[in-house]
Amino acid sequence: MITVEHLSKKFGNLVVLKDVNIEIREGEVISIIGPSGTGKSTLLRCINLLERPSGGSILIDGVDILDAKTDVPKIRQKMNMVFQSFNLFAHLSVISNLTIAPIKLLGKSKKEAEEKAMEILTLVGLAEKADNFPDELSGGQKQRVAIARCLAMDPEIILFDEPTSSLDPTMVSEVLSVIRRLAKDGMTMVIVTHEMDFARDLSNRVLYMDEGVIYEEGTPAQIFDNPQREKTRAFINRIRSINYHITSPRYDPHTISAEIEAFCEKQILPLKTRQNLLVIVNELLRIYTPLLSTTTLDMTVAYSEKKESVQVVLESGGEALNPLDKTLLPDDQAKSPVWSMMQGIEYQRVNSKNRVTLMLH
Ligand code: ADP
Ligand code: MG
């Protein structure tokens, strides 16, 4: 139904979309997830021709809508968008918000447009509010009117840009419930959302967007339970991390401690976890310091919100051996109480590096 090929978009020197490729089939519900600022809104706005793409093509039923000869208003009727901020006409009643475009753009009679509008308002649960004005409605009701206004144009596809993210939490579900209903009725939809549970149980496919591309895509089970690529995993598991690249034995341990402490505070980790982590990091650095005259160390401390766990990954060069092998360590280090604070210590040889992974106990 819609094929996006090599789509790119620049704002001046800022490359927002690099090379986006998407195939949307009729009746599909596609969720787009990803960190903010990665171009999700820009992508929807390009598909809907609210922004002019810098390159690539968008084919709708085989017609390239970027072609100068294409009848843009006609294409817009097939495709409608729901925004985070509702964008209702404040000076028009609810029912007029729904009828204005069908009358002006589709040439419907007022009566015909109003009958259809009432039907749709009933569907979204707002028939009673037909004569109210937008500012008399709650956020959830406004967004349902915005969805109804889309439906009044009889679109073949609806694009949603974070439809619930400006809503009070108590109103999220009434809007999601309307979108669910549309999915059930077979409406083709592309939904940019931060509601992960919703994306998981509603979509046929989930696209994870990062770095101006569709970085990974799959079924909800693939993306949410078994993401393959690093950034997807970090996003799904809400992993936050700090990384140190240490290149000499004269590194500054105080700065590292202070930064790790600040990191823990930012992630709101319990005091005990913070204290243990600092003890562990100090001890690990003490073990690695002798190696640093001949090799380098990459140390990553990562916190997974979903798993509520802290992981430390150490990667050092040199010949293949486990730097935490107790039999190779001096007695005081091998017998340190710090070992009891760590669990799941794992050694792997990866890319000519010695990688040790461990978790806080
Ligand atoms: P997302 O929806 O994923 O948060 P956006 O598509 O809104 O991301 O924005 C992606 C990037 O493009 C951001 O860095 C944003 O500042 C920039 N951007 C978006 N719209 C414009 C614009 N009209 N002019 C300049 N920069 C823009
Ligand atoms: Mg956005």
* **Check on Ser8, farther than 15 Å from Leu159 by Cβ, hydroxyl-bearing (Ser, Thr, Tyr) and either assigned to a loop (DSSP other than H, G, I, E, B) or within 16 Å of ligand 1 (Cβ to nearest atom) (or both)** => yes
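Within the stretch 201-212, take every residue that is touching a residue at least 60 places away in the same chain (Cβ under 8 Å) and away from ligand 2 (no atom under 16 Å from the Cβ) and give me the one that is farthest from Asp185 (Cα to Cα). Give the derivation first.
So the first thing to find is which residues in the stretch 201-212 are touching a residue at least 60 places away in the same chain (Cβ under 8 Å), and the list is 202-212.
From what is left, the residues that are away from ligand 2 (no atom under 16 Å from the Cβ) are 202-206.
Numbers: Leu202: 12, Ser203: 14, Asn204: 14, Arg205: 17, Val206: 20 Å.
Taking the candidates together, the pick is Val206.
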* Asked: Within the stretch 139-158, how many residues are modelled with pLDDT of 95 or more and either assigned to a loop (DSSP other than H, G, I, E, B) or charged (D, E, K, R) (or both)?
  -> 4
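Kindly indicate whether any position in the stretch 274-297 is without any contact (Cβ under 8 Å) to a residue 60 or more places away in the chain, in a strand (DSSP E or B), surrounded by fewer than 17 Cβ atoms within 10 Å (Cβ to Cβ) and touching a Leu at 6+ places or on another chain (Cβ under 8 Å).
No; the residues of the stretch 274-297 include none that is without any contact (Cβ under 8 Å) to a residue 60 or more places away in the chain, in a strand (DSSP E or B), surrounded by fewer than 17 Cβ atoms within 10 Å (Cβ to Cβ) and touching a Leu at 6+ places or on another chain (Cβ under 8 Å).
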* For the stretch 219-263, which residues satisfy the criterion of being more than 17 Å from Met299 (Cα to Cα) and either touching a Pro at 6+ places or on another chain (Cβ under 8 Å) or of a type in the set (Val, Ile, Thr) (or both)? -> Thr219, Ile223, Thr232, Arg233, Phe235, Ile236
* Any chance Leu176 is within 16 Å of ligand 2 (Cβ to nearest atom), buried (at least 18 other Cβ atoms within 10 Å of the Cβ) and either acidic (Asp, Glu) or under 22 Å from the mean Cα position of the chain (by Cα) (or both) -> no
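Hand me the list of helices (runs of 4 or more DSSP H) wholly inside the stretch 30-138 holding 3 or more residues that are of a type in the set (S, T, N, Q) and either away from ligand 2 (no atom under 16 Å from the Cβ) or within 20 Å of Leu207 (Cα to Cα) (or both). Lay out the reasoning, then the answer.
Values: elements: 40-47, 72-78, 94-105, 110-123.
It comes to 94-105.
Here is a yes/no grid of residues against (1) touching a residue at least 12 places away in the same chain (Cβ under 8 Å); (2) more than 16 Å from ligand 1 (Cβ to nearest atom); (3) closer than 20 Å to Leu43 by Cα; (4) buried (at least 21 other Cβ atoms within 10 Å of the Cβ):
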residue	(1), (2), (3), (4)
Glu128	no, yes, no, no
Asn132	yes, yes, no, no
Glu136	no, yes, no, no
Asp154	yes, yes, no, no
Phe160	yes, no, yes, yes
Arg180	yes, yes, no, no
Thr188	yes, yes, yes, yes
Val192	yes, no, yes, yes
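Among the residues of the stretch 307-318, is any of a type in the set (Gly, Ala, Ser), surrounded by fewer than 16 Cβ atoms within 10 Å (Cβ to Cβ) and over 37 Å from the mean Cα position of the chain (by Cα)?
If we filter the stretch 307-318 for residues that are of a type in the set (Gly, Ala, Ser), which is where we start, we get 309, 316-318.
Those left that are additionally surrounded by fewer than 16 Cβ atoms within 10 Å (Cβ to Cβ): 317-318.
Among the residues that remain, those that are also over 37 Å from the mean Cα position of the chain (by Cα) are: 318.
Yes; the residues of the stretch 307-318 include at least one that is of a type in the set (Gly, Ala, Ser), surrounded by fewer than 16 Cβ atoms within 10 Å (Cβ to Cβ) and over 37 Å from the mean Cα position of the chain (by Cα).
Please pick out the residue among Thr188, Thr193 that is under 25 Å from Leu98 (Cα atoms), polar (S, T, N, Q) and modelled with pLDDT under 95.
Numbers: Thr188 fails: modelled with pLDDT under 95.
The conditions single out Thr193.
Go through the stretch 162-176 and give me each residue that's among the polar types (S, T, N, Q) and either under 29 Å from Leu105 (Cα atoms) or within 16 Å of ligand 1 (Cβ to nearest atom) (or both). Steps first, please.
Restricting attention to the stretch 162-176, the residues satisfying the condition of being among the polar types (S, T, N, Q) are 164-166, 170, 173.
Those that are among the polar types (S, T, N, Q) and either under 29 Å from Leu105 (Cα atoms) or within 16 Å of ligand 1 (Cβ to nearest atom) (or both): Thr164, Ser165, Ser166.
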* To do: Report yes if Gly218 is surrounded by 17 or more Cβ atoms within 10 Å (Cβ to Cβ) and either of a type in the set (Gly, Ala, Ser) or within 29 Å of Arg274 (Cα to Cα) (or both), otherwise no.
  => yes
* Asked: Does any residue of the stretch 31-41 turn out to be at pLDDT below 90, hydroxyl-bearing (Ser, Thr, Tyr) and within 12 Å of ligand 1 (Cβ to nearest atom)?
  -> yes
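The values are calculated or read from the model by the stated rules, or taken from the named source; none is laboratory data. Small disclaimer: the values here were computed from a predicted structure and weren't measured. When we count neighbours, we look across all protein chains shown, and the Cβ atoms used for this are built from the backbone with ideal geometry, even at glycine.
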